[in-house]
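The values are calculated or read from the model by the stated rules, or taken from the named source; none is laboratory data. Remember, predicted model here, so these are calculated numbers, not experimental data. All Cβ positions, even for glycine, are placed from backbone atoms using ideal geometry, and neighbour counts span all protein chains on display.
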Amino acid sequence: MAQDRNPSPKDDDRNLVVVDEDFANADAEDRLWLLWERHRERIAWTFSSVIVGLLAWFAYAAWADARREEIREAFAAAGNDETALRAFAGAHPGHPLATAALLQLADRLQREGKGAVAAYDAAAANEPGPTRAGQALRWRSRLYAGLLALDQGAPDAVARLTAVAESTEAPEALRGPAFLALARAALSAKDPAGARAWLDKMDRLLGPSHPWREDQRRLIASEPALRPTAPKAP
């Protein structure tokens with residue numbers, strides 16, 4: 001058998017190669033110092049980038065807070081002045097307070113007995129973003145527009161109220177009045193079956209414990225045609 005002409009003891013480390021001689025005999029502190037010496041530009045750049053990013057974020061947050069406060073103050077300053085409210089809504093389209101300003105104008109027209117359907121439509125057309133308060137104002141505008149259209153005998157009144165009543169996005173507190181108005185409209189049209197259908201759908205879509213249950217019961221009690229008929233004796 002051929003033998004190795006240059007045998008080396010198993011514990012001989014002469015063939016080991018130190019990858020980085022600077023780190024061969026360095027302790028933890030020296031290693032940290034060497035790491036800094038070799039990569040300080042990259043470390044400094046990374047650290048500076050993080051600091052700049054944090055400063056930019058805080059600056060934006062402060063600006064956003066100041067901007068929100070500025071808008072709130074402008075809305076409060078408009079008060080009940082029609083011109084100021086219209087100017088505010090025009091200057092802040094898409095903001096929930098712009099919807100509030102337009103809704104305030106529509107409510108005033110309604111109280112004065114003037115045509116307010118278009119005003120409520122204008123308030124509903126302002127998309128206030130995903131905030132719950134803004135969306136509630138928008139749906140209230142749509143509900144009131146539908147109710148006024150129904151009072152005026154507009155041909156699209158039922159469609160307007162149906163859109164509110166059957167929407168899962170509208171607050172339940174606003175869907176109830178829409179269902180009740182549709183039921184009353186059916187009764188006025190001598191259609192008790194249609195009215196009963198709207199009340200049944202109200203129970204299905206809003207749940208049996210909806211907040212308009214008592215109003216629904218009063219309506220049924222006031223209209224004999226809506227009361228359940230007693231079964232005939234065999």
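Being at pLDDT below 70, of a type outside the set (Phe, Trp, Tyr) and surrounded by 10 or more Cβ atoms within 10 Å (Cβ to Cβ) holds for only one residue in Ala24, Ala2, Ala64, Ala89, and it is Ala64. Residues that are in a helix (DSSP H, G or I), at pLDDT 90 or above, more than 25 Å from Arg175 (Cβ to Cβ) and not assigned by TED's automatic domain parsing to the domain that holds Ala189 do not occur anywhere in the stretch 119-140. When Ala159 is tested against (1) in contact (Cβ under 8 Å) with a residue 24 or more places away in the chain; (2) under 24 Å from Lys114 (Cα atoms); (3) in a helix (DSSP H, G or I), just one condition goes unmet, and that condition is (1). For the stretch 181-234, taking the residues that are outside any helix (DSSP H, G or I) and among the acidic types (Asp, Glu), the one that is modelled with the highest pLDDT is identified as Asp191. Scan the stretch 95-108 and report the pairs whose first residue is touching a residue at least 24 places away in the same chain (Cβ under 8 Å) and within 13 Å of Tyr144 (Cα to Cα) and whose second residue is of a type in the set (Asp, Glu) and surrounded by fewer than 22 Cβ atoms within 10 Å (Cβ to Cβ), with Cβ atoms within less than 9 Å and a gap of 6+ or a chain change. Once the first residue is touching a residue at least 24 places away in the same chain (Cβ under 8 Å) and within 13 Å of Tyr144 (Cα to Cα) and sits in the stretch 95-108, its partners that are of a type in the set (Asp, Glu) and surrounded by fewer than 22 Cβ atoms within 10 Å (Cβ to Cβ) give Ala106/Asp121; Arg108/Glu82. Inside the stretch 68-86, residues that are part of a helix (DSSP H, G or I) and surrounded by 11 or more Cβ atoms within 10 Å (Cβ to Cβ) make up a count of 10. Checked against (1) touching an Asp or Glu at 6+ places or on another chain (Cβ under 6 Å); (2) at pLDDT below 90, Ala145 passes all but condition (2).
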